[in-house]
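The values are calculated or read from the model by the stated rules, or taken from the named source; none is laboratory data. Keep in mind the model is a prediction, meaning the values are calculated, not measured. Because the Cβ atoms are built from the backbone with ideal geometry, glycine has one as well, and the counts that use them run over all protein chains shown. The accessibility values were calculated without ligands, DNA or RNA, using every heavy atom of the protein model including side chains. Shrake-Rupley method; radii C 1.70, N 1.55, O 1.52, S 1.80 Å.
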Amino acid sequence: MSLLINRYDAKRAEAEESLAISDMTELLGLKVVGVIPESKEVLTCTNLGNPVITLPEEIPAAGAFLDLTDRFLGEEKEMRFTTPEPVSFFGRFFG
């Protein structure tokens, strides 16, 4: 069995507001096969009845689903979206 983590927010995990990936794997004893990041686009697609995977790959959730599909087909892919994106200098002031 494998673990798919959906709606993962690396910033919240880093701030200990939610479980980290390591906590989940330790708790469940399963290998992570994919991490789907929290995304407004997923909610929009769900409400419209559209598959997320049809979105451009640049949208993190769509890229994560494509990575997951590749892993299921046996391709080695780096696990993305497991660490928070660094905040830019201006992002700290205006974000």
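Results, tabulated for the structure shown:
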| quantity | calculated |
| --- | --- |
| Extended-chain gain in nm, criterion 0.36 nm per residue less alpha-carbon gap, ARG12 and PHE90 | 26.0 nm |
| Potential extension, GLU26-MET1 segment - 0.36 nm per residue separation minus Cα distance | 7.6 nm |
| Percent carbon-and-sulfur accessible area, the chain, ignoring ligands, DNA and RNA, probe 1.4 Å | 56 percent |
| Residue among VAL32, LEU66, THR54 farthest towards the positive dipole end of the chain, charges placed on Cβ | THR54 |
| Cα-centre dipole for the chain with unit charges at Cβ (Lys and Arg positive, Asp and Glu negative), debye to 20 | 180 debye |
| FRET E, pair THR44, GLU76, Förster distance 41 Å, beta-carbon r, rounded to 0.05 | 0.85 |
| Percent RCO, i.e. relative contact order, over the chain, from Cα pairs under 8 Å lying at least 6 residues apart | 29 percent |
